[in-house]
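Below: the structure, in structure tokens.
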Amino acid sequence: MNIYFLMIVIMLVSMLVQYMLQSRFSKYSQVGLPNGMTGADVARKMLADHGIYDVKVVPTNGMLTDHFNPQTKTVALSEGVYASRSVAAAAVAAHECGHAVQHAHGYAALRMRSALVPVVSFASNIVQWVLLAGVIFFNAFPALLWLGILLFATTTLFSFVTLPVEINASARAISWLTQTGITDSQTRPMAIDALKWAAYTYVVAALGSLATLLYYIGLARRD
């Protein structure tokens, strides 16, 4: 398959997945939890149920900007999650707490991703400039493009290491939401569906990164 065609397909799929994720989040944000808990309530309960008392739940600006920060030991929930009493808020909050549980239990894939963060952070800051210079000066300094490819490869690796981390966090979230009865037979499929589309965004991002990497490798191997 032509690499350009593949990249266009991945871009279109990415747009579709983002649309579906936002659509599902908007839809399930209108459905309340049976017990009326907020996203913040759900997060605090999940942390406590797993014996985690040194992680704070805090609000953060933006939409779908939710994240767990192991350095500051905080679960940051976005405006549409922190105070919301919806199924979508519960799913997102439980997912982010799934990362906190991974951290507490020393989940291997999360440790690997954390170890890659400094390298990927450095590579991300310079990779586009190195790749651009490598393409422009390819005939004189072909090694420069290969250096850029090596830097970009670290970001691609990071994308693929992220996949099991995100999928496992969602699995922990759904399991806990089910066991505690926070979601019932009606709302549980909604929570699963919301997290499923969130996971697809990481899959598409990883495939897009791989396609871009193959594109640059193709440039470097040209005659």
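Annotations for the structure displayed:
A quick yes/no check of all residues on (1) buried (at least 17 other Cβ atoms within 10 Å of the Cβ); (2) within 25 Å of Asp66 (Cβ to Cβ):
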| position | (1), (2) |
| --- | --- |
| Gly134 | yes, no |
| Phe137 | no, no |
| Leu144 | yes, no |
| Leu157 | yes, yes |
| Phe160 | no, yes |
| Thr178 | no, yes |
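- Every residue from the range 56-89 that is crowded, with 17+ Cβ neighbours inside 10 Å, under 18 Å from Gln30 (Cβ atoms) and over 17 Å from the mean Cα position of the chain (by Cα): Gly80, Tyr82, Ser84, Arg85, Ser86, Val87
- Of the residues in the range 27-41, none is farther than 21 Å from Ala173 by Cα and exposed (fewer than 15 other Cβ atoms within 10 Å of the Cβ).
- Flag for Ile126 being assigned to a helix (DSSP H, G or I), touching a residue at least 12 places away in the same chain (Cβ under 8 Å) and not polar (S, T, N, Q): yes
- Residues that are without any contact (Cβ under 8 Å) to a residue 24 or more places away in the chain, part of a helix (DSSP H, G or I) and not basic (Lys, Arg) within the range 88-116 comprise His105, Ala108, Ala115, listed in sequence order.
- Of the criteria (1) within 30 Å of Val127 (Cβ to Cβ); (2) surrounded by 19 or more Cβ atoms within 10 Å (Cβ to Cβ), which one Met190 fails: (1)
- The residue pairs whose first member lies in the range 190-201 and is more than 14 Å from Ala171 (Cβ to Cβ), whose second member is among the hydrophobic types (A, V, I, L, M, F, W, C) and surrounded by fewer than 17 Cβ atoms within 10 Å (Cβ to Cβ), and whose beta carbons are closer than 9 Å, counting only pairs six or more residues apart or on different chains, are Met190/Val31; Trp197/Met20; Tyr200/Val13; Tyr200/Met20.
- Residue in the range 5-16 that is assigned to a helix (DSSP H, G or I), farther than 23 Å from Ile174 by Cβ and aromatic (Phe, Trp, Tyr) present: yes
- Qualifying residue in the range 40-61 (condition: among the aromatic types (Phe, Trp, Tyr), in a helix (DSSP H, G or I) and on the phi < 0 side of the Ramachandran plot): no
- Sole exception among (1) farther than 30 Å from Tyr28 by Cβ; (2) polar (S, T, N, Q); (3) modelled with pLDDT of 95 or more for Ser124, by number: (3)
- Gly181 being of a type outside the set (Phe, Trp, Tyr) and on the phi > 0 side of the Ramachandran plot: yes
- Residues located in the range 24-51, provided they are farther than 15 Å from Val92 by Cβ and either at pLDDT 95 or above or among the charged types (D, E, K, R) (or both): Ala48, Asp49, His50, Gly51
The values are calculated or read from the model by the stated rules, or taken from the named source; none is laboratory data. In this text the structure is predicted, and so the values were computed from the model without any measurement. Neighbour counts run over all protein chains shown; Cβ positions are idealised from the backbone, glycine included.
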